[in-house]
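> Sharing a structure here in structure tokens format.
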Amino acid sequence: MNKPFTFAVIGGDLRQAKLAEMLSSDGHYVLAFALEKSEMPSTVRQVSDIRDAICPADCIILPLPVTGKAGYLNTPLSAEICPLDEIFSPIRDHQLVCAGRVCDDTLKAAEKYGLRIVDYFAREELAVLNAVCTAEGAIAIAMDNTAITLCGAKILVLGFGRIGKLLSHRLRGLGADVHVSARSHSDRAWIKAYGYKPMNTLALAGKLRDFDIIINTIPAPVLDEDLLREVDKDCLLMDLASKPGGIDFSAAARLGHHAIWALSLPGEAAPVTSGEIIRDTIYNILHEEEESSWIT
Ligand code: NAP
């Protein structure tokens, strides 16, 4: 990007507030709406009419996730209740709209106004770096919810995707005895090659005793009631996967397990880093859009 941009940063949590601050300290002109409960530097102009933010903007940044209640902007740092229609109606063709975790209903609402939304949450660079925040957040929760050190703890990580890889690496760095499950032969070969103990996600029965901590990263049902019966009662269970998650929490409660569904960790554990990750991803998007002459 060769020139300063005008950004409208609209709604969202502390990540979005930090994002506004960072864009402004990078020399851009930043208008913020529905972030009034956060402290902002004077260089960010907070406006009370959404049109004052949207109309002058080159790029409109909506939050992650873009909606809270269906059809309404996610505004945890504001008293504003803002229907998506109010945001979309003043946006014009030449403006770039970026938003996080855009659901089908939001896309349909945007289509009514002929708008294209770029979902920054779907970008791989954001997913990878978000996984770092998630892995660190998971480790903090594990430390807070166990009476043992992670050094020497026997830990099973279910899934060897972005979070599974980064989490296993960090747990081993802390001295844990790390077991990792994957469903593919190739992933289990990589798990072995990294020095972790491989397990088959599709054949966990009979292998879940004696773990101190089991952390799921697989976004599909994995630990059902039968498997949970095998898990020791003093084992901490943590699910990092988005809904529907991988642990049967009702069965876990019935069986008396300590089970935690730890969602939204990047925003909670590292809002500043998360804001930086979103900013860098937006810059990448703008750069690509410039190259493809979306912005002239
Ligand atoms: P990812 O890179 O796609 O990894 C998912 C892993 O799950 C892969 O190892 C995949 O195996 C495995 N998997 C998927 N479906 C499976 C199935 N039916 N049976 C067995 N294994 C299966 O995803 P990620 O980035 O690590 O994210 C994992 C989850 O965490 C997602 O739900 C994501 O939305 C969520 N998340 C949570 C937080 C938080 O704060 N808690 C933050 C970010 C993301 P294959 O490679 O064989 O498909």
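> Using the Cα centre of the chain as the reference point, and only Cβ charges (+1 on K/R, -1 on D/E), how large is the resulting charge dipole? Debye, rounded to the nearest 20. Intermediate values should be presented prior to the final figure.
Numbers: 29 positive and 39 negative charges, 162 e Å.
My answer is approximately 780 debye.
> With charges only on Cβ, +1 for K and R and -1 for D and E, what is the dipole size of the stretch 168-249 about its Cα centre, in debye, rounded to 20?
440
> Starting from the Cα coordinates of the stretch 126-263, work out the convex hull volume and express it per residue in Å³. Can you show the working numbers first?
Working: hull volume 13.3 nm³, N = 138.
So the per-residue Cα hull volume is 96 Å³.
> Now for a different question. Kindly report the accessible area of the chain per residue (heavy atoms of protein chains, probe 1.4 Å, no ligands, DNA or RNA), in Å².
With all protein chains present, the chain gives 47 Å² per residue.
> Taking all pairs of distinct Cα atoms, average 1/r, flip it, and tell me the Kirkwood hydrodynamic radius of the stretch 121-162 in Å to one decimal place.
Details: mean 1/r = 0.0838 Å⁻¹.
About 11.9 Å for the stretch 121-162.
> Looking only at Cα atoms, what is the convex hull volume of the chain per residue, in Å³? Please report the intermediate quantities before stating the final value.
Working: hull volume 45.0 nm³, N = 296.
So the per-residue Cα hull volume is 152 Å³.
> Leaving out ligands, DNA and RNA, and with a 1.4 Å probe, what % of the accessible surface on the chain is carbon or sulfur? Before the final figure, lay out the partial values.
Numbers: 7150 of 13850 Å².
Ligands and nucleic acids excluded, carbon and sulfur give 52 percent.
> If the limit is 21 Å between Cα atoms, which of 69/243; 37/108; 154/207; 165/233; 192/243; 165/197 go over it?
Details: 69/243 16 Å; 37/108 30 Å; 154/207 13 Å; 165/233 26 Å; 192/243 29 Å; 165/197 13 Å.
Going by Cα-Cα distance, 37/108; 165/233; 192/243 fall outside the 21 Å limit.
> Based on the Cβ-Cβ distance of residue 145 and residue 254, what FRET efficiency does E = 1/(1 + (r/R0)^6) give at R0 = 25 Å, to the nearest 0.05?
Values: r = 20 Å, r/R0 = 0.79.
Efficiency for this residue pair is about 0.80.
The values are calculated or read from the model by the stated rules, or taken from the named source; none is laboratory data. All values reported here derive from a predicted model rather than from experimental measurement. All Cβ positions, glycine included, derive from the backbone under ideal geometry; neighbour counts span all protein chains shown. Side chains are part of the model used for accessible areas, which takes the heavy atoms of the whole protein and leaves out ligands, DNA and RNA. Shrake-Rupley method; radii C 1.70, N 1.55, O 1.52, S 1.80 Å.
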